[in-house]
Amino acid sequence: LPLLDIGEFLSNPNSSTARSFAAELREACHNPGFCYLAGHGVAPALELEVMEQSRAFFELPDSERRRLAIVNSPHFRGYTIIGDERTKGISDWRDQLDLGPEEPASFPGPGDPPWLQLRGPNQWPPTQPTLRPVVLEWMQAMQTLGIAATRALALGLGQPIDQFDHTILPRPDPHVKIIRYPSQ
């Protein structure tokens, strides 16, 4: 997969280097469809801490993880046990913790879009208090990076830099899945 440096785009999206990055990103998205991003400014220590916290979550007793069952949340936040996630109707051998921005519960009324119900509080394991601040900090960093990448794609497609802003701003709605694929 291509390794692209978004650093110059983050510093000065109007520079020629940033424009070249936008074109490279467009090409990576068209073929092969994925890329690695470097120069994003997310602290390596934070990335390592997210991985550590994720491993620690899956080391919690099964009963503790199950107390965070996603079925307990009308906002689609929480834990899904191994085998309950399905892809094309087939049970996936993975378990996961679904998280989003930490916010008050949202219950849409008549005429509101149903997806508003996805906004609400997360479920966090009480015995792992360090998971929440680390994941929320990382989620914020990924949100900032995602907005920048979306803007770079707009430029790469020959559009104004803010072409897609109306779809993500002023209120982005990131969703994170902390996933484990255990051996069978």
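The Kirkwood radius of the chain, taken over pairs of alpha-carbon atoms, gives through the Stokes-Einstein law at 4 °C and 1.567 mPa s a diffusion coefficient of 70 µm² s⁻¹.
For segment 3-54, the alpha-carbon radius of gyration amounts to 1.34 times the rule-of-thumb value 2.2 N^0.38 Å expected for a compact globular protein. Approximating the spin labels as points 7 Å out from Cα along Cα→Cβ, the Ile90-to-Ile168 distance works out to 3.2 nm.
Of the trypsin sites (Lys or Arg not before Pro) found in segment 31-70, the ones in coil according to DSSP and having at most 16 other Cβ atoms within 10 Å of their Cβ are Arg67. Length, then width, then depth: along the principal axes, the Cα atoms of segment 15-90 run 54, 35, 22 Å. Think of the chain as having a plus end and a minus end, set by charges on the Cβ of Lys, Arg, Asp and Glu; of Pro61, Ala38, Gln163, Pro61 sits farthest toward the positive end of this dipole. When every Cα-Cα distance of segment 106-184 is counted in 5 angstrom steps from zero, the calculated P(r) takes the values 3, 11, 15, 17, 16, 15, 13, 6, 3, 1 percent.
Each reported figure results from applying straightforward, stated rules to the coordinates on display, with no laboratory input. Quick caveat: nothing in here was measured; it's all calculated off a predicted structure. Positions of Cβ are generated from backbone atoms using ideal geometry, with glycine treated the same way; all protein chains shown enter the neighbour counts.
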